[in-house]
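Derivation of every value follows stated rules applied to the coordinates shown; laboratory data play no part. Since we're looking at a predicted model, the values are computed, not measured. Because the Cβ atoms are built from the backbone with ideal geometry, glycine has one as well, and the counts that use them run over all protein chains shown.
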Amino acid sequence: MSFWGLSQLCISTLMFVLAAMAAKQWGLAPSLAKLLLTLAFYTAGNLIMLRLVREFGMSVSFSLSAVIQLVAVNVVALAFFGERLNALQATGIVLAIAAVALITLGPYMQRL
């Protein structure tokens, strides 16, 4: 992945994390402004993802985005919103990360 592609992936992740934070705030105290802000962040993130899909393909783009978002959103939820995971939930997240890593790296590892 090129530097520009990695930059776009980071920016889209930031948009999705901001969208998740806005959605959490909307969930705590619903308002039209928070809903519109959430939708704007999700729209921006998805528009960037469209560029990544065109450049790197759907499987690589969405797999990388999914695992990076999974980690980033959970860090925000745990660190900033004080949410907690039980052992089963934490195990699920670790397995999801491993699954996406296998999906993403699988084709490259088979060539070795």
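Things to note:
- Helices (runs of 4 or more DSSP H) contained in segment 1-82 and holding at least 3 residues small (Gly, Ala, Ser) and under 27 Å from Gly106 (Cα atoms): 3-28, 58-79
- Every condition in (1) surrounded by 12 or more Cβ atoms within 10 Å (Cβ to Cβ); (2) assigned to a helix (DSSP H, G or I) holds for Leu85 except the one numbered (2).
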